[in-house]
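Novice: Below is one structure. I have some questions about it.
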Amino acid sequence: MENRPYNVLFICTGNSARSLMAEAVLNQLGQGRFRAFSAGSQPAGRPHAMTLELLQRNRYDTSALRSKSWDEFALPGAPAMDFVLTVCDKAAGEVCPLWPGQPISAHWGVEDPAAATGPEDKRRQTFNDALLVLSRRIAIFLALPLDKLDRLALQKELGRIGLTDKPVGEHA
């Protein structure tokens, strides 16, 4: 890879919560080594209000966050992705566009906070939980010696990261 940041695309069906959280976290914690993007197969059209509120409360930059289609990243001139990470089970099962650059992909499924029902405090906790899981996984990802791992080893490590914070018995 040339001397440029690694490009990472986080995918979720609606692109209103989890993928946007991951984009904001990696862009901040990646400190210029990474450029994170997010997209959805069926974008909601706008970020979920609780997503923006949570990220802002935790001092993440939300100014560039928007809900968008993954088609944007398959167009000519789109940034070539080094990594494509699905963060919801539904998107992981969908047929994705062909991404320029043959990125390494993995699934990091996280419960959808936007689908939470019940009292507001319970819904907010679901958003907090999703952010915590994604933040932990991104921290592990950032600790990988990317320049020392071959493609197969990277694929394996990214898959392992997707299993962190899963309840016991869910490690399939």
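The values are calculated or read from the model by the stated rules, or taken from the named source; none is laboratory data. These figures come from a predicted structure and were not determined experimentally. Neighbour counts are summed over all protein chains in view; Cβ atoms, including those assigned to glycine, are modelled from backbone coordinates with ideal geometry. To get the accessible areas, we keep the full protein, side chains included, count just its heavy atoms, and leave off ligands, DNA and RNA. Shrake-Rupley method; radii C 1.70, N 1.55, O 1.52, S 1.80 Å.
Novice: Charges at C-beta only: +1 for Lys and Arg, -1 for Asp and Glu. How large is the resulting dipole of segment 14-111 about its Cα centre, in Debye rounded to 20?
Specialist: 260
Novice: Sticking with this structure for a sec: I'd like to know which of Thr86, Gly159, Leu149 lies farthest towards the positive end of the charge dipole of the chain, counting +1 on Cβ of Lys and Arg and -1 on Cβ of Asp and Glu.
Specialist: Leu149
Novice: What's the long-distance tail for the chain, i.e. % of Cα pairs beyond 21 Å? Numbers along the way, then the final one.
Specialist: Values: 6457 of 14706 pairs.
Counting pairs separated by more than 21 Å, the tail of P(r) holds 44 percent.
Novice: I need the calculated FRET efficiency for the pair Ile140 and Asp89, taking r as the beta carbon distance and R₀ as 22 Å, to the nearest 0.05. Please report the intermediate quantities before stating the final value.
Specialist: Values: r = 20 Å, r/R0 = 0.91.
That gives a FRET efficiency of 0.65.
Novice: Let me ask you something else. Report, in debye and to the nearest 20, how large the dipole of the chain comes out about its Cα centre when Lys and Arg carry +1 and Asp and Glu carry -1 on their Cβ. Please list the in-between numbers first.
Specialist: Numbers: 20 positive and 19 negative charges, 55 e Å.
So the magnitude is around 260 debye.
Novice: How much of the accessible area of the chain, in percent, comes from carbon and sulfur atoms when a 1.4 Å probe is used? Walk me through the numbers before you get to the answer.
Specialist: Details: 4730 of 9000 Å².
Answer for the chain is 53 percent, counting heavy atoms of protein chains only.
Novice: Based on the Cβ-Cβ distance from Gln31 to Leu132, what FRET efficiency comes out when R0 is 22 Å, to the nearest 0.05? Walk me through the numbers on the way to the answer.
Specialist: Details: r = 20 Å, r/R0 = 0.92.
FRET efficiency, Gln31 to Leu132: 0.60.
Novice: For the chain, what is the calculated [θ] at 222 nm in deg cm²/dmol (nearest 500), taking -39500 (n - 2.57) for each run of four or more DSSP H residues and dividing by its residue count? Don't skip to the end; give the middle numbers.
Specialist: On the way: 5 runs with 60 residues, N = 172.
Theoretical 222 nm ellipticity from helices: -11000 deg cm²/dmol.
Novice: Keeping every protein chain present and rolling a 1.4 Å probe, give me the accessible area per residue for the chain in Å². Mind showing how you got there, number by number?
Specialist: Numbers: 9000 Å² over 172 residues.
Accessible area per residue, the chain: 52 Å².
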